[in-house]
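Trainee: I'd like to ask you about the structure that follows.
All of the numbers you see were taken from the coordinates with simple rules; none came from a lab. None of the values given here were measured: they were computed from a predicted structure. Cβ placement follows ideal geometry from the backbone for every residue including glycine, while neighbour counts extend to all protein chains displayed.
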Amino acid sequence: MRAFLVLFFCALVMVLSEVCSAKCPRHFPMTDGLHRHRPTCAATKKLQRELTLRRQARVQALKNHVKVTPPTVPFEEPPSSLTPLHSPSPEPIPSPLATPPPPPLTNAGRPRRNYRLPMRFEDVLPEPPAAVAVAPEPPSGPRRVILHVRDTMRSVCNRFGLLREYPHRPSYDPDSLLKPEDLANVHVPPPPEEPSDDPPTMSLDPPWPFRNMSIYRLMHWANSGSNSKSEGEVTRLVSEVISADDFRAEDLADFNANRENKVLDASDKAGDDRDVPWLKDGWKEASVDIEIPSGVKNTPARTFSVPGLHHRSLVQVIRAAFSEVMALQFHLTPFKRFRTKSSGTEERVYDEVYASDAWLEAHNTLQKSPREPDCKLERVIAGLMFWSDSTHLANFGTAKAWPLYLYLPICLSMFVLVRPLARAITSHTFHRSLTPSMTSLRDLSPANPAEPVFSHIVWKLMLDNEFIEAYEHGIVIRCTDGIWRRVYPRIFTYSADYPEKVLLATIRDKGYCPCPRCLILKTDFPKMGFLHDVRARLNLARTYFWNKVTAARTLIYKTALAINNKRIDAVLQAFSLVPTLNAFGGKLGRFGFNFHPMFVVDHLHEWSLGVWKATFAHIVRVLYAAVPSGAAVSTLNSRFRQIPSFGRGTVRRFCSDVSAMKKLAGHNYDNLLVNIIPCVEGLLPEPFNSRLMTTLFRLSEWNAFAKLRMHTDTTLELFEESTAVIGRELRSFAATTQAEYKTVELPGETASRARRGARKKATGNPLSAGPPPAPLGPAKGKFLNLHTYKFHALGDYPPTIRLFSTTDSYSTQTGELAHRLVKRLYNRTNKIDATKQIVRLERRETRIRRAKQAADTPKNRAATTRFSENDGSAYTGLDAHHHMSKLRRDPIHLLRFVQENAHDPAKKRFIPKLKDHLLSRLVGRSFDGDETEYSDTDRNTIKIVQHKIFPVHTLRVNFTTYDMRRDQDTINPRSQPNVMVLSPETTANAHPFWYARVLGIFHLNVVHTGAESKDDSAQHMEFLWVRWYGTEPGYRSGFKAARLPKIGFVPDTDEYAFGFLDPSLVLRGCHIVPAFAAGRTSTLLTVTDGEVTAARAVGETDDWENFYVIIWVDRDMFMRYLGDSVGHLVHNKSAWQGNNDGDVNSLPSDDTDPRASTETHGLTDDTVDIDAEMEGPGEEEDVDDSDEEEEDVELGGDDDGNGNESEDEDVNDDESDDESESEDLFDDEGFLDI
């Protein structure tokens, strides 16, 4: 009894005691104690400040509040000159139901929201360009003289305002054959075919050289698909081979796989006996001879033979390409693409290479040239694009390959190029590297001139007399459409990393003028973005100095001067030349071909693995310098680990230690840049934190512009401004960090330097382990170096896009991903003379693929699908706005669901709100009905069948991208829950979007009765249960402010913190990242400790205070915020300008012109070299550090301007990191994930 009284007394004291505040746990039995405590209570003071700020925000919001009448038209009508859009939605049917006025603004509701519902939009589907009338075939008749006149023609505008301008009427329009699935970035299975009563047709003639269809099908299965025959491969064996109608077991009575493979291999040699063009483009093996100066006056040069070069004839490859089925997609006549804006003005659009200035110039030059005698055939261009790069073939060991890839022709869309299943890119040559056993070649001189000499001797072999004849007189080919044409090959681009560009351009690596496209001095590289730098790139463009190279070679071969002799340097060093005859200049120079512009920019190596990687490494150095204990770097790693994934591999989970930069590929570095702003924020003191935030914003902005697949004149002008801005920002960042922080090498850089030093001291094989590594010693000082080619190359991106189209068409990423085929074929060899086996296996796969295309056999392949069979997903075309499963496996009873956790704020008034939402949609209101409350009588007209709702796991939302492609986002409440909808706000500086986190995806059957019912039968409806975000009040964001949009959860004290959303209002998914610097809070949800709420993930007890919207998570997202894109007809005028007075087109944040400045911000040469090949093992570069040293040896011994020889350094140089699995940037159906 005494214990009971004690407990009762304690409880009574607690009840009657005074509580300080909601954020202070102290209790006081007397009021005097409370009054003495409150003036010194930190929690109470903080709460008072928050309440004051909320009151001020509420007053300001009330002053800005303007009630806007919802428009009755979903979006602005297009100009009358354009093709009409889809028929507009019917006018909303007015409802006589009483609609009370919206509630007043709460103190922390959705700021800047006028308490209206998301704007409904019409989902505009992509469509091919308007059809063009092709030129009729000329009738046969007597010869006549043709007077060439200007015959420029234009197509009509499509619904997006796009038109094409041809120099003359084309003879063929491949866009007329486009199907809806060709305009999609995602694969959706076709609808199931209706069963036919007709018996299946049988193909009696198997593809040559197979004896019967049974052997053909079995060999096709064996030479395709995965190397490891998994369960899926066995299933494919049954579905494609055994279950085929023309498969007969008796046909395999004497089957022998080895014999059939030999028959298939021998069929290439029978190409001369059959009139099939693609039988003659097989592989040839040759040896090349290298002449090396003897070093003795008047003594002939020594000749060395390098065997084992596998190559294919360029002319035969062109013939085969124009005879394949894919040739039906070739654009043979170039054109200019224009866009008619809503204002009526026109601007140029840059997307594909066949719509570029380079192609138009080459085409016009060809048409003006004299015709071949007695030839009336149409003359077209076969544009050639090359990629080359060495790669490791095995995870362990030194097996390597050096393939040269040919993309032919570039008159094929880039969207076909990025699909490896289309096999638009083909291996053309396998270089034979100079192996360590060829010591007589490798040890000729410290400059090692054999490498560039060997590369150009190989190219002279490929640019043979047959190709030169075709280049001058063309190749007569009967194309796939049945028309004979004269095809002229032309080389447009060559994509390679910097060491290979140096070899092919025959210039010195890191010489005085290290750029392969211009003669700007290395000392002027930090001035990238200045106006005089832009002019210098035009005035100092490189041409082939044949006279200087010939004069230097005469001194070497005739007078026996050493390559690094001062007399040789006097001729070559000022222009950073090497005494090697360039194959392109020697073979094609007489036709006016300048090979220097073809070495296009390289976003992968110059930016992702170059400038940005070096900048990120320097940020880590600054963090170590600011907090020597490493706590800031640990926080950085922790924040990156908490970044959620997004899309189909667009943003992936980060490793545990991103600051070490181990095993990272180019795609990983792009993800670092996309998400770095929230992760770095607050780790440095002010004002350095704000300066770093601005710099990172500008870098991310530039990266987004560089990766666009469709540019206009407007975006290119913005890109040029952005290029000038990042030049200024990086100069300021380098100077500021050098002055304020003592930055030294990272631990990985110190270890890498020690290993390189040990290798240099080693003798014999440079790939051997060598002596034990030397002690690391103290870390050296390091700063951000801008005296590099990669930083200088950033200024060439806008003009290159104007000349050759967007960077995706010639990105080295295409060549790097093509290595996957070579590596896969290598795994099928016995590793002895692997190159010969690789080319043989490549021929088998190619022959099988071509035979399959030509074979007239039933389509027995089972339809592949992304949708799981257990989710009930039926076929839904990409023309639909979204797809949701109709499964009813796990029904939820509404009353039980609400009563399970009645105190959960997410379920507050769940059923009334749901009925309000459904009722508004059923009566045909313009917008959804979250904020329209009805009476109980009105709600009683809604009957949810069996009081059950049915949850599903995912919602797939289809949308039209900025470049008029169809794409898809998958919304999953557990992994990718965030969505964005259009905002109806029209006030000045209003944010164009609203954001919500999806808590659940449901569908149900509902019956609507009463006077306003349109259908009293059960209707199927879908809805999303969401938790709303609100924009942060008083926060400046936008392109001028250089800050991302900041949002936060609406507190549950707001009546509309939770609600329901019509899935048809969802624009797409979005990438929302916590604002880590703001910390976490538990005040947004009124939840008792220990209680579970549906608003949070399992295990979470609080929320992040704020979030950032990552506006450049992909290309389409960036253009939605930039505005004025071609494909976004819905909200082109709702460009994100932020809640400030900035203009979306005002990229520079300063008032001064960034190009007018001439200061270099105190740059020195004692800095880290961005130009170093930092692509460590496992990156898409696929070159180990030993090879980098061999490739980057300076020809002529130029130094870095400070008396020290430039040296490549690799942060990721780990002895155990010889090779890792290549990054799989493609999804399951072969589409490139961006």
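Trainee: Taking the number of other C-beta atoms within 10 Å as the exposure measure, put Thr299, Thr736, Thr1081 in order starting with the fewest. Provide the component values of the computation, followed by the final result.
Mentor: Details: Thr299 12, Thr736 18, Thr1081 15.
Fewest-to-most ranking of Thr299, Thr736, Thr1081: Thr299, Thr1081, Thr736.
Trainee: In Å, what Rg and Dmax follow from the Cα atoms of the range 878-1122?
Mentor: So, for the range 878-1122, Rg and Dmax equal 18.6, 55 Å respectively.
Trainee: Moving to a separate point now. With a Förster radius of 35 Å, plug the Cβ-Cβ distance of Lys908 and Glu181 into 1/(1 + (r/R0)^6) and report the FRET value to the nearest 0.05. Walk me through the numbers on the way to the answer.
Mentor: Values: r = 45 Å, r/R0 = 1.28.
According to the calculation, E is roughly 0.20.
Trainee: Return the Rg/Rh ratio of the range 544-678 with Cα-based radii and a Kirkwood Rh. Can you show the working numbers first?
Mentor: Numbers: Rg = 24.0 Å, Rh = 19.2 Å.
My calculation of the ratio gives 1.25.
Trainee: Okay, next question. Sort Cys1070, Cys679 so that the residue with the fewest other Cβ atoms within 10 Å of its own Cβ comes first and the one with the most comes last. Let's see the in-between values first.
Mentor: Details: Cys1070 22, Cys679 25.
Least to most surrounded, the residues fall as Cys1070, Cys679.
Trainee: List Tyr512, Tyr962 from most exposed to least, where exposure is judged by having the fewest other Cβ atoms within 10 Å. Write out the running numbers ahead of the final one.
Mentor: Details: Tyr512 18, Tyr962 22.
Listed from fewest to most nearby Cβ atoms, that is Tyr512, Tyr962.
Trainee: What's the local net charge at Glu900, with K and R +1, D and E -1, over the other residues with C-beta under 12 Å away?
Mentor: On the way: positive: Arg896, Lys907; negative: Asp904, Glu1091.
Net charge around Glu900: 0.
Trainee: Continuing with this model, one more query. Sticking with the crude label model, points 7 Å out along Cα→Cβ, report the distance from Glu469 to Asp1102 in nm, one decimal please.
Mentor: Taking the simple label geometry, Glu469 and Asp1102 are separated by 8.0 nm.
Trainee: State the extension gain, in nm to one decimal, for the chain segment bounded by Ser975 and Arg553, taking 0.36 nm per residue of separation less the distance between their alpha-carbons. Working shown, then result.
Mentor: Numbers: separation 422, 0.36 × 422 = 151.92 nm, distance 6.37 nm.
Value of the extension gain: 145.5 nm.
Trainee: Count of lysine pairs in the range 878-1122 with Cα atoms under 17 Å apart, counting only pairs 8 or more residues apart in sequence or on different chains?
Mentor: Summing the qualifying lysine pairs gives 9.
Trainee: Projected onto the charge dipole of the range 878-1122 (+1 at Lys/Arg Cβ, -1 at Asp/Glu Cβ, origin at the Cα centre), which of Thr1053, His1003, Tyr934 gives the Cα projection farthest towards the positive end?
Mentor: After comparing all options, I get His1003.
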